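Worksheet: one structure, shown below.
The values are calculated or read from the model by the stated rules, or taken from the named source; none is laboratory data. Only a predicted model underlies this, so the values are computations on that prediction, with no experimental measurement involved. Using ideal geometry, Cβ is built from the backbone for each residue, glycine included, and neighbour counts are taken over all protein chains shown.
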Amino acid sequence: MTLIKSISGIRGTIGGHPGDNLTPVDAVKFAAAYGSWLRDSQDKQNFKVVIGRDARISGKMMQDLVVATLLGLGIDVIDLGLSTTPTVEIAVPLERADGGIILTASHNPKQWNALKLLNHKGEFLDGKQGAIILDLAENENFNFAPVDELGKVEKRDDYIDIHIKEVLKLSLVEAETIRKKNYKVVVDGVNSTGGIAIPKLLKELGVEVVELYCEPNGHFPHNPEPLKEHLGDICQKVAEEKADFGIVVDPDVDRLAFITEEGEMFGEEYTLVACSDYVLSKTSGNTVSNLSSSRALRDITEKHGGSYHAAAVGEVNVVAKMKEVNAVIGGEGNGGIIYPESHYGRDSLVGTALFLMLLSETDLKVSELRSAYPSYFMSKNKIELTPDLDVDNLLQAMADKYRESEVSTIDGVKIDFPHNWVHLRKSNTEPIIRIYTEARTQGEADRLAQNIIQEIKEIAGIV
């Protein structure tokens, strides 16, 4: 079992011993550190924080603990209940709140949960802010409020609807254009809050919805990471229903993947490519993705006359680079769409609307759209870490081994070969090394990945 503390929040498996797992003690301590940081960072009296959660089984317990802790610090809470990560991000500035917390472990299985922390803009904290909170939690330097100064709770159940209205107001989203197409779409909400939000949005756009695993009960029917090997049911359902395509989201609805009308994966890397293609066709500008994302975004950006930029992995790093280069769209190759006209956060609702606009205007089938883009294939693998493994030395050894190639150490080790690449990095959210490769064929990407994995195991002495 695991507890991972990082600048982006605290994440772990439910149960066990404090400090080793994500227990009620850890949730209270970290929420208290976040609330204390908020109070210490501004010279004011009244503070307000927006709280929302995905549908995982431990969510209600975790939210009650976090809300009570903030109230104990004298901080008012706007409780959204079941929500999505991008919904909370949108709510923070709309409510003029001082910050936000999302109770979600994103794509992790049901035994995991986490506290994701936002600033007053509804954006993830930067490294400096996160480090202060980690220090406060470590030292338990908290000062709770006296009884007459406890915070108050306001419960809101309308923010997913508000979020949808905000999406429909975007300048590049024309609802009537989509409605005329009479699309039929299968939605896999992995029994979390995407099963609430995505069907609601689609129905507002005149789309016929076939719901698959859209009951928000937290019992994930398959591994919740939206990868091909987990999505056999929706691929079959799209073909059976003769739907125009399928939509898959992760439990907190910040990752978006599509299924073609033939029941095949569109490719999560191509979610950002397609949405960027549409935005760039209407708005000149630059794009950003992380180092582990496909070269296809660079190709599409340059086709439209823009410049592509790479950032270190992590939403906060992508957002920082987007602001630096004034990108009109960006995100991560895991299906995360960041569209600044809406907000600086990965948002599957925004991505869905942009994708529907692209389909409506091109009048292509989803499979035809995918065939129109440069063909790259990725292999995403991982190696479980053991406590005695020195990961930094291991990555340095790989960088040294391939020093004659083009090597970047901005974030882990990325090795660019003439016709393919490999990116090795230690995960911020799980005790693993991620190994991403990309090539012109799937077989080539898979072979490169397996060769690199074997080399890592030999260096590390793993049998």
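Contact map, the stretch 151-162: residues that are closer than 20 Å to P86 by Cβ paired with residues that are outside any loop (DSSP other than H, G, I, E, B) and of a type in the set (S, T, Y), Cβ distance under 7 Å, separation 6+ or inter-chain. Pairs shown: Y159/T87; I160/T87. When the stretch 119-138 is filtered for residues that are touching a Gly at 6+ places or on another chain (Cβ under 7 Å) and not acidic (D, E), the ones remaining, listed by number, are N119, H120, G122. Restricting D157, D135, D161 to residues that are at pLDDT below 95 and surrounded by 11 or more Cβ atoms within 10 Å (Cβ to Cβ) narrows the list to D135.
Among the residues of the stretch 367-395, those identified as in contact with a strand residue (DSSP E or B) (Cβ under 8 Å, 6 or more places away or on another chain), of a type outside the set (D, E) and over 21 Å from R298 (Cα atoms) are N381, K382, I383, L385, V391, L394, L395.
Please determine, by comparing only the residues of the stretch 39-53 that are surrounded by fewer than 23 Cβ atoms within 10 Å (Cβ to Cβ) and touching a strand residue (DSSP E or B) at 6+ places or on another chain (Cβ under 9 Å), which one is farthest from I90 (Cα to Cα).
Applying the filter and picking the extreme gives N46.
The listed residues are A353, A320, and the only one of them that is buried (at least 24 other Cβ atoms within 10 Å of the Cβ) and part of a helix (DSSP H, G or I) turns out to be A353.
One line per residue, one yes/no per condition, for (1) in the same structural domain as G333 (by TED's automatic domain parsing); (2) part of a loop (DSSP other than H, G, I, E, B); (3) among the charged types (D, E, K, R):
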{"residue": "P224", "(1), (2), (3)": "yes, yes, no"}
{"residue": "E240", "(1), (2), (3)": "yes, no, yes"}
{"residue": "F258", "(1), (2), (3)": "yes, no, no"}
{"residue": "G263", "(1), (2), (3)": "yes, yes, no"}
{"residue": "A274", "(1), (2), (3)": "yes, no, no"}
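In the stretch 1-24, the qualifying residues are those that are touching a Gly at 6+ places or on another chain (Cβ under 8 Å) and modelled with pLDDT of 95 or more, and the one that is surrounded by the most Cβ atoms within 10 Å (Cβ to Cβ) is L22. Can you confirm whether V279 is at pLDDT 95 or above, touching a helix residue (DSSP H, G or I) at 6+ places or on another chain (Cβ under 9 Å) and under 23 Å from L369 (Cβ atoms)? In short, yes.
Taking strands (runs of 3 or more DSSP E) as the structural unit, those lying wholly within the stretch 366-420 and holding at least 2 residues that are touching a residue at least 12 places away in the same chain (Cβ under 8 Å) correspond to 377-384, 413-416. Would you mind stating whether L115 is touching a Ser or Thr at 6+ places or on another chain (Cβ under 8 Å) and either more than 27 Å from R56 (Cβ to Cβ) or assigned by TED's automatic domain parsing to the domain that holds V77 (or both)? Here the answer is no, as L115 does not meet what is asked.
Could you tell me which of the residues V167, V185, V210 is part of a helix (DSSP H, G or I), among the β-branched types (V, I, T), in contact with a helix residue (DSSP H, G or I) (Cβ under 7 Å, 6 or more places away or on another chain) and outside the structural domain of Q111 (by TED's automatic domain parsing)? Step by step, each of V167, V185, V210 is checked, and only V167 is part of a helix (DSSP H, G or I), among the β-branched types (V, I, T), in contact with a helix residue (DSSP H, G or I) (Cβ under 7 Å, 6 or more places away or on another chain) and outside the structural domain of Q111 (by TED's automatic domain parsing).
Quick one: in the stretch 38-92, of everything that is touching a Phe, Trp or Tyr at 6+ places or on another chain (Cβ under 6 Å) and among the β-branched types (V, I, T), which residue is farthest from W112 (Cα to Cα)? By that ranking, first place goes to I75.
Is there a residue being under 24 Å from the mean Cα position of the chain (by Cα), among the acidic types (D, E) and in a strand (DSSP E or B) anywhere in the stretch 421-430? No, the conditions are met nowhere in the stretch 421-430. Of K110, K200, all but one fail to be surrounded by 15 or more Cβ atoms within 10 Å (Cβ to Cβ), under 21 Å from the mean Cα position of the chain (by Cα), at negative phi and outside any helix (DSSP H, G or I); the exception is K110. Does A312 meet the test of being without any contact (Cβ under 8 Å) to a residue 60 or more places away in the chain, surrounded by fewer than 19 Cβ atoms within 10 Å (Cβ to Cβ) and under 21 Å from N420 (Cα atoms)? Taking the combined requirement at face value, the residue does not satisfy it.
Considering V249, V253, V238, which residue is crowded, with 24+ Cβ neighbours inside 10 Å, in contact (Cβ under 8 Å) with a residue 40 or more places away in the chain, at positive phi and hydrophobic (A, V, I, L, M, F, W, C)? I'd like the intermediate steps shown before the answer.
Working: V249 fails: at positive phi; V238 fails: at positive phi.
Within the list V249, V253, V238, the selection yields V253.
Could you please let me know if P374 is surrounded by fewer than 16 Cβ atoms within 10 Å (Cβ to Cβ) and more than 20 Å from R425 (Cβ to Cβ)? First the steps, then the outcome.
Numbers: surrounded by fewer than 16 Cβ atoms within 10 Å (Cβ to Cβ): yes; more than 20 Å from R425 (Cβ to Cβ): yes.
Spelling it out, P374 is indeed surrounded by fewer than 16 Cβ atoms within 10 Å (Cβ to Cβ) and more than 20 Å from R425 (Cβ to Cβ).
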